[in-house]
Amino acid sequence: METVWVDRSDPDAIDLVLTGDDPSPRFAAGVSLDVGRSLPLLFALGMLLAVPVCVVMRFAGAGWAPVWAAAGIVGAIGAVVPAAVVVYTAFFLRVHRLRFSPAAAPTTVALVRAARAARPRPLTEVRQIRIDRSVEEPYEGDPQPETVTVTLTVRLAHGWIAPKPLPPDTDAAALYRELHDLLSPAVPVALFVRRHPRPLPSPPSEIDYGALGHGGSTGGGGS
């Protein structure tokens with residue numbers, strides 16, 4: 001679960017931190033290294049998926065060379081495609097931070113992904129920042145405490161940033177005030193608080209044992 005917070009350490013910009021990962025060359029190198037380590041396993045899994053194809057080829061009279069070639073091709077595809085998806089997501093899709101500048105009165109925003117920050121855009125590219133706090137209240141006699149869910153959603157001019165689930169003890173009101181004071185009126189910041197009762201548990205099903213007892217057969221004999 002992520003912790004969203006406002007980073008004011010840079011005198012020239014203010015970051016809305018969306019993930020716990022540090023968007024740096026070191027992080028990018030770590031992602032690449034992890035993907036590289038997984039390639040042999042992905043290749044082996046791909047070759048296992050090719051077993052049915054290899055069996056069919058053998059029954060069709062193909063030699064071992066084409067069979068091994070087919071298995072290798074399937075294994076390579078099974079390794080390269082998932083690895084490419086992971087790397088592409090980490091480097092080009094996942095947004096780590098929203099960088100607002102200048103720090104005194106932001107007029108631009110830049111999306112920070114992996115080891116790079118995109119070019120600054122007008123602040124109005126951020127259409128809305130929404131904080132949702134939902135509280136599920138226990139019913140009378142419920143042994144479980146209330147359940148709190150906090151989520152932050154950023155809507156951009158050309159899409160969304162995946163909603164961020166925050167720790168339940170997040171001070172949603174304080175986060176709202178900080179973002180509102182920083183970005184209003186250019187960026188609408190909304191806080192929605194909803195409380196609803198927890199559904200009552202379903203009563204246990206009752207069995208009419210008396211009705212079950214009427215199924216016996218009766219018989220009589222004559223002397």
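Structural remarks
- Estimated FRET transfer efficiency (VAL81, SER184; beta-carbon r; R0 35 Å; 0.05): 0.20
- VAL74, VAL135, ranked by accessible area, largest first (probe 1.4 Å): VAL74, VAL135
- In terms of accessible area, using a 1.4 Å probe and ignoring ligands and nucleic acids, HIS180, HIS96 rank largest first as HIS180, HIS96.
- Taking 0.36 nm per residue of sequence separation and removing the Cα-Cα distance, the ARG127/TRP68 pair yields an extension gain of 15.9 nm.
- By definition, a body whose alpha carbon gyration tensor gives a ≥ b ≥ c is oblate when a/c is 1.5 or more and a/b is not larger than b/c, and region 55-169 fits this oblate description.
- Rounded to the nearest 10 Å², the accessible area of ASP12 at probe 1.4 Å: 110 Å²
- Inter-label distance, nm, simple model (7 Å from Cα along the C-beta direction), VAL53/ARG116: 3.4 nm
- Helix-only CD estimate at 222 nm, as mean residue ellipticity for the chain, using -39500 (n - 2.57) per DSSP H run (n ≥ 4): -11000 deg cm²/dmol
- The calculated FRET efficiency for the pair LEU41 and THR107, based on their C-beta separation and a Förster distance of 41 Å, comes to about 0.30.
- For ARG8, the accessible surface of its heavy atoms amounts to roughly 130 Å² (probe 1.4 Å, protein chains only, rounded to the nearest 10).
- DSSP-defined antiparallel bridges as percent of all bridges, region 127-193, nearest 5: 75 percent
- Listed options for semi-axes √(5λ) of the Cα gyration tensor in Å are (1) 29, 19, 16; (2) 49, 42, 13; (3) 36, 18, 12. The value calculated from this structure is the one marked (2).
- Pairwise FRET efficiency - ASP7 versus ALA60, Cβ, R0 = 45 Å, nearest 0.05: 0.15
- For ARG121, the residues whose amide H sits under 5 Å from its own are VAL109, ALA110, ignoring neighbours fewer than 5 places away on the same chain, with H placed 1.01 Å from N.
- Estimated vicinal HN-Hα couplings, Hz - region 94-103 in sequence order (Karplus 6.51, -1.76, 1.60; Gly, Pro = x): 6, 9, 8, 8, 10, 9, 9, 8, x, 5
- Area accessible to solvent at GLU136, 1.4 Å probe radius, in Å²: 50 Å²
- Sorted largest first by accessible area at a 1.4 angstrom probe radius, with every protein chain in place, the residues TYR176, TYR88 fall in the order TYR88, TYR176.
The values are calculated or read from the model by the stated rules, or taken from the named source; none is laboratory data. Since we're looking at a predicted model, the values are computed, not measured. Using ideal geometry, Cβ is built from the backbone for each residue, glycine included, and neighbour counts are taken over all protein chains shown. SASA here: full protein model, heavy atoms, side chains in, ligands and nucleic acids out. Shrake-Rupley method; radii C 1.70, N 1.55, O 1.52, S 1.80 Å.
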